[in-house]
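Written below as structure tokens is the structure these notes are about.
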């Protein structure tokens, strides 16, 4: 991010763990002051105006039904002018990283969407919560489990809703896979395979290749999709994981992981494998059950996706995933519909990420995972 120096945390971020995986998923939504929210559309401020905000989120907010682009936060003065002109944002709703806390006084902003390098997720999510704003934090939720706990606790203390930017949970192909697993349409799932990777050929100084800013490489980026796919591909949380790391371009990937593979064990004997990389192209979810199979290929990109199963083709009209995601979050706040990707989900995934890195450090040793079971799929209202 241009013009941003990474902030350091003066103390260790810590917080209590949550009791359940999706404890907030079905809770009714309230404003930070305790009253029911009556607005028809909620205002979203995007924090960080990089490529994802510019080419995905902001355009999607021109199509959303339950939320709209109400503000922006940037460290680049030229972007302030560009976004004012392009989207008609009043200058009073545009902030710098230094003036961000003034957003507490901005009644037009209901939700703050954190779209910053991973190292800044915790700081700005916590500041947004303290400002009384609901929070969407882009994936991965934070750099560590401890930071996830701090974000969750800050949102609880402020009485605001927390969501993670897992766009696929609002996407119809993924929702269909979740339905098939939930309804046991292909029998008991025996095996899942999930790959999410792309080839990085860009600037070697980009923040994603800087461990201090990203927290890791492919695993902290595309790897989150592979982890998620393995989980909703069988409808369970893993009980153990072992992992390996490979590098074929150490001159380019000097500071972060290039390619990681991992193997999961799930309750009931289900097994899964995943691969993620910044030096390969892969984009697939496959599962085999006692009565059939399903596949999404591609499975993780912005769409259109494509799917098939032993029952026949999987096909849906293409819509912006970001539009669906932000509308679903706004509907949760406005109407109490399910929070499809609450903070507890982001925390769970970071528990798995830390276990994968630990397994790699310890030569691929299998690491036990103490995660709550009973993980379910939020049904669309």
Legend entry - Part-to-part distance (alpha-carbon centres) for region 147-223 and region 299-363, which is given in Å: 6 Å
Inset, instruction - Give me the distance in nm between label points sitting 7 Å out from Cα along the Cα-to-Cβ direction at residue 306 and residue 65, one decimal. - result: 3.0 nm
Inset, instruction - Give the order of 199, 274, 141 when sorted by the count of other beta carbons within 10 angstrom, beginning with the fewest. - result: 199, 274, 141
Inset, instruction - Specify the residue with the greatest mean-square fluctuation among 86, 156, 331, computed from a Gaussian network of the chain linking alpha-carbon atoms under 10 Å apart. - result: 86
Legend entry - Contact order normalised by residue count of region 183-309, Cα under 8 Å, 6+ apart, percent: 35 percent
Legend entry - Residue-averaged 222 nm ellipticity for the chain, from DSSP H runs of 4+ at -39500 (n - 2.57), nearest 500: -7500 deg cm²/dmol
Inset, instruction - Compute the FRET efficiency between residue 366 and residue 315 as 1/(1 + (r/R0)^6), taking r as their Cβ-Cβ distance and R0 = 30 Å, and round to the nearest 0.05. - result: 0.20
Inset, instruction - Calculate how steeply helix 223-232 sits against the longest principal axis of the alpha-carbon atoms of the chain, using the helix alpha-carbon long axis, and give the answer as 0 to 90 degrees to the nearest 10. - result: 60 degrees
Inset, instruction - Please give, to one decimal in nm, the separation of the simple spin-label points placed at residue 206 and residue 81, each 7 Å out from Cα toward the Cβ. - result: 2.8 nm
Inset, instruction - List the relative contact order of region 64-103 as a percent without decimals, with contacts defined as Cα pairs under 8 Å and 6+ residues apart. - result: 45 percent
Inset, instruction - Give the angle, between 0 and 90 degrees and rounded to the nearest 10, that separates the Cα long axis of helix 77-87 from the longest principal axis of the Cα atoms of the chain. - result: 90 degrees
Inset, instruction - Note down the relative contact order for the chain as a percent, whole number, built from C-alpha pairs under 8 angstrom at least six residues apart. - result: 21 percent
Inset, instruction - Specify the inter-centroid distance of region 118-144 and region 68-117, based on alpha-carbon positions, in whole Å. - result: 16 Å
Inset, instruction - Give the angle, between 0 and 90 degrees and rounded to the nearest 10, that separates the Cα long axis of helix 121-130 from the longest principal axis of the Cα atoms of the chain. - result: 50 degrees
Inset, instruction - Provide 248, 259, 161 in ascending order of the number of other Cβ atoms located within 10 Å of each residue's Cβ, fewest first. - result: 248, 259, 161
Inset, instruction - Return the single residue from 358, 249, 366 with maximal mean-square fluctuation; model: Gaussian network over the chain, springs between Cα atoms under 10 Å. - result: 249
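We did not get these values from a lab; they are worked out from the coordinates using the rules stated. Owing to the predicted nature of the structure, the values given are computational and were not obtained by experimental measurement. In this analysis, Cβ positions are derived from the backbone assuming ideal geometry, glycine residues included, and neighbour counts consider all displayed protein chains.
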